[in-house]
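The structure under discussion appears below in the form of structure tokens.
The values are calculated or read from the model by the stated rules, or taken from the named source; none is laboratory data. Please read these numbers as outputs of a predicted model, since none were measured by experiment. Glycine gets a Cβ as well: all are built from the backbone with ideal geometry, and neighbour counts include every protein chain shown. Only protein heavy atoms, including side chains, enter the accessible area calculation; ligands, DNA and RNA are left aside. Shrake-Rupley method; radii C 1.70, N 1.55, O 1.52, S 1.80 Å.
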Amino acid sequence: MLTMKITLFQTDIIWGDPDRNIVAADRLFDAAPSSDLYVLPEMWSTGFMTNCHVKPQDKALEWMKSKAQSHRAAVCGSLAMPLDSGKNANRLFFAKPDGTVDFYDKRHLFSYGKEDLFFSKGNRRVIVEYGGIRFLLTTCYDLRFPVWARCRKDYDAMICVANWPDSRQNVWDTLLRARAIENQCYVIGCNRTGNDPSCHYEGHSALIDFYGKAIAESKSDTEHVLTAEIDIDQLNHFRKKFPALEDMDSFTLDIG
């Protein structure tokens with residue numbers, strides 16, 4: 001049996017204050033059950049700061065790596081990282097307990113929020129294998145683009161970290177389920193709560209199964225720790241019984 005216990009941290013991010021956000025995340029870790037994978041929201045150390053040149057988030061990244069090693073689990077979350085070009089990357093890190101780190105730079109930048117003016121989009125579709133399970137890494141606005149997220153029988157679960165505001169809450173709830181159904185996969189959606197200078201966030205973090213049903217979801221609009229287990233044997237059984245992925249359209253993705 002191949003299963004994995006996953007914990008989502010639906011945090012109330014303190015605007016532009018990495019030190020306090022690290023302390024808050026530490027507190028959540030102390031209260032969380034033992035898991036194989038811990039997931040934090042998009043830009044969990046600063047909030048969705050898109051209209052400025054952020055400071056290096058090396059301390060936050062080192063904290064993620066330290067937690068992965070001390071808890072013998074993977075830790076996943078997005079940080080805004082300065083680039084040599086003068087712009088930033090919205091970089092989703094996947095820190096493993098052996099000290100290695102994989103990362104994905106957000107492909108679809110939220111131009112409505114001016115993210116494209118200060119950030120550079122990624123050009124790699126990243127799948128991380130951990131504990132025998134293949135994870136597609138995505139960030140927030142990526143959820144709206146099904147071609148980018150299309151499963152080509154190359155992943156089992158999609159991770160989407162977000163700062164998704166309450167004004168479009170129904171879209172978040174719907175798209176998490178849509179991506180799970182069309183790709184016959186688990187979807188792990190970790191959103192923030194609280195407020196920043198522009199938006200209010202209600203969370204609705206969730207772990208969705210391949211039927212589009214919530215295994216676990218947060219109905220709270222406050223800080224929340226959510227834990228559930230995914231079962232890859234059940235997923236493979238469903239894919240074999242209902243092989244919709246065998247009938248998918250072939251295509252070549254231009255990611256230049």
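Between the Cα long axis of helix 232-241 and the first principal axis of the chain there is an angle of about 40°, rounded to the nearest 10. Helix 18-31 and the longest principal axis of the Cα set of the chain meet at an angle near 50°.
Sorting Ile215, Ile14, Ile208 by solvent-accessible area of protein heavy atoms yields Ile215, Ile14, Ile208, largest first, with a 1.4 Å probe. Residues of region 214-256 with amide nitrogen under 14 Å from the 7 Å Cα-to-Cβ point of Val147? Backbone N within reach: 249-256. Apolar share of the accessible surface for region 1-123: 49 percent from carbon plus sulfur atoms, 1.4 Å probe. Counted over the chain, the DSSP beta bridges are approximately 65% antiparallel.
Accessible surface calculations at 1.4 Å, restricted to protein heavy atoms, place the chain at 44 Å² per residue. Taking Cα atoms, how many degrees apart are the long axis of helix 169-183 and the longest axis of the chain, rounded to 10 and kept between 0 and 90? Helix 169-183 and the main axis of the chain meet at about 40 degrees. Backbone N atoms of region 192-234 closer than 14 Å to the 7 Å Cα→Cβ label point of Thr174 are not found in any residue. Ranked by the mean number of other Cβ atoms within 10 Å of their residues, highest first, the peptides 60-66, 21-27 fall in the order 60-66, 21-27.
Region 168-222 and region 70-114 have their alpha-carbon centroids 20 Å apart. For the peptides 129-135, 144-150, 29-35, the ranking by packing is 129-135, 144-150, 29-35, with the highest mean count of neighbouring Cβ atoms within 10 Å listed first.
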